[in-house]
Structure formats: C-alpha cells, structure tokens
Amino acid sequence: MKRFLLLLVVMAGVVPLALAFELVRFDSNNYNTWTYTRPGFVMTTDVINQDKVTLYKASNGDYTLVSPSIMKQQFDSVEVKVLGYSKQYTSSYYDPYLGSPTIEIINDNGEVLKSVFYEFEEKRLDHTFAVKFDVSDLVNGSSFKVRLACWQARIYDAFSVREVIVDSILMPGDVDGDGSVTAGDITVLYNYLLNDDGENMVVGDQDGDGSITSADITFVYNVIIGG
Ligand SMILES: [Ca+2]
Ligand SMILES: [Ca+2]
C-alpha cells in the first residue's frame, strides 16, 4: 500500500475545478428520444436545422420539448445548456419577455420538481444560455426529465430550439456521492479497478479522459491533499 501511495504522489498533477459529464443531448443528430408535443409534427434533422422546433402557446396547446429520462446518479447538480433562435425578432409584435423559455426538471409523471424562467431581455435572433439546477435532493437511481416551454409565447414570440445539452456537474473527487472527498472515494475506485466487471461507472472517470484508470485515483488523491 505504501508503494501504491508513493505512485500516487509521483503521478500528482493539476486538479480541474469542476467536472461535467454529458447526460443527454438534443440536436439534429440526437433527437429520437426527445418528445416535442406538437400534433402532427414529424421531427427530422432538416426541421431541427431549419429552426422549426418552436416553443409557444398554440390554440391547441403548449408546444414543449421534453428530454428522455435521465437517471440520477452520484451528482448534485445538472446544467442545461440551450441554443435557439427567435426568428421573428424583427417583428413589431415580437416581445422577448413573452418568448422567454421556462426550463424545468420534471419527474416521470410530469410533475414539476424545479423550474427556472430564463428571461430574454434583448430582441435578437440567437439565444445561448445555461441554467444550473441543484438536484442533490433527488434520490440516486430515480429518474427525471428536462422540459423546455415558452408558456407565454405567441407565434410571434416563439423560441426555436436548436440544441440542448444536459450535463451532470460533479463535485470533483466525490466518487461515492456522499458529499465529501475522502479516502473512501479512493477505495471505491481502487476496488473497481481490482474487480473490473465491465460495468460502466460514469463517475469513476474523474479526469474525463474516457476511461477509468489509476490516473483517476490520482485525481481523487490530488483533491484530498489539495483541499
Ligand atoms: Ca465521497
Ligand atoms: Ca479517467
């Protein structure tokens, strides 16, 4: 064990401040598992690229975009990054406030767990923004979805969604998700490497290089000695 720790010290390097892992994505190449509640509308790569996935309040209901189910794992927060367009922004009818989207975390029954109204202040074509949600109160292993809506928008204020990326934000080094970084996190990784059963442990890839190796143990060790 002493030699093991010595190896860790030798491998010590720079510790990034935050870790983010992509959970789900919506764009013209990744949309099949997303739900767009617009009757008769067929979502294709072309219609997404033409900014036709518009969110607004229609006479036959609200057009919303909902992510697939996301399993809550060992992470405390998620970041929802959105790129979209307001094509009617030069119209005198266009009101950026009305076209502002609401981003929600909902459960599988559609009940709202968290909600943020992201206010657009400028009349402009493109809107890029990110909203962070604390999901530490959700039980690990439970599932949730992300819903985007423009509850107040009319057709003139519609917001078209081009891209949505939902990232999990991890506390660097907290492999077991207990809220602190301790030797226990190294033990979890160490045991994983010893008994590699081929299962995917997303949070184990602490340095984000795509695989779980001794470098990830080093990463956690650096967090401990650095903090
Ligand atoms: Ca921990
Ligand atoms: Ca790694």
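Quick notes on this structure:
- Residue-averaged 222 nm ellipticity for the chain, from DSSP H runs of 4+ at -39500 (n - 2.57), nearest 500: -5000 deg cm²/dmol
- Rounded FRET efficiency, nearest 0.05, which uses the C-beta distance separating ILE225 from ASN191 and R0 of 30 Å: 0.90
- Computed log₁₀ I(q)/I(0) - Debye formula, equal Cα scatterers, no solvent, the chain, q 0.11 Å⁻¹: -0.64
- Applying 1/(1 + (r/R0)^6) with r as the Cβ-Cβ distance of GLU119 and SER180 and R0 = 45 angstrom yields a FRET efficiency of 0.80.
- Spatially proximal aspartates and glutamates relative to LYS52 (Cα-Cα < 16 Å; intrachain offsets below 8 disregarded): ASP27, ASP62, ASP126, ASP157, GLU163
- Ellipsoid equivalent to region 120-227 - semi-axes via the Cα gyration tensor, in Å: 38, 15, 14
- Most mobile of VAL42, VAL131, VAL166 in a GNM of the chain (Cα contacts under 10 Å): VAL42
- Burial ordering of GLU22, GLU122, fewest other beta-carbon atoms within 10 Å first: GLU122, GLU22
- Over 26 Å between alpha carbons, listed pairs LYS57/LYS87; LYS72/LYS114; LYS123/LYS145: LYS123/LYS145
- Cα gyration tensor shape of region 74-135, rounded if a/c is under 1.5, else prolate or oblate by comparing a/b with b/c: prolate
- On Cα atoms only, tilt of 183-194 relative to the major axis of the chain in degrees: 90
- Degrees between helix 214-226 axis and first principal axis of the chain (Cα, 0 to 90, nearest 10): 90
- For the chain, averaging the sequence separation of C-alpha pairs within contact (under 8 Å, six or more residues apart) and dividing by the residue count gives a relative contact order of 29 percent.
- Footprinting exposure proxy for SER67, SER92, SER142 (fewest neighbouring C-beta atoms within 10 Å first): SER92, SER142, SER67
Values in this text are rule-based calculations from the coordinates and carry no lab data. Computed from a prediction, not measured in an experiment: that's the story for all the values here. As a convention, Cβ positions derive from the backbone with ideal geometry for all residues, glycine included, and neighbour counts pool all protein chains shown.
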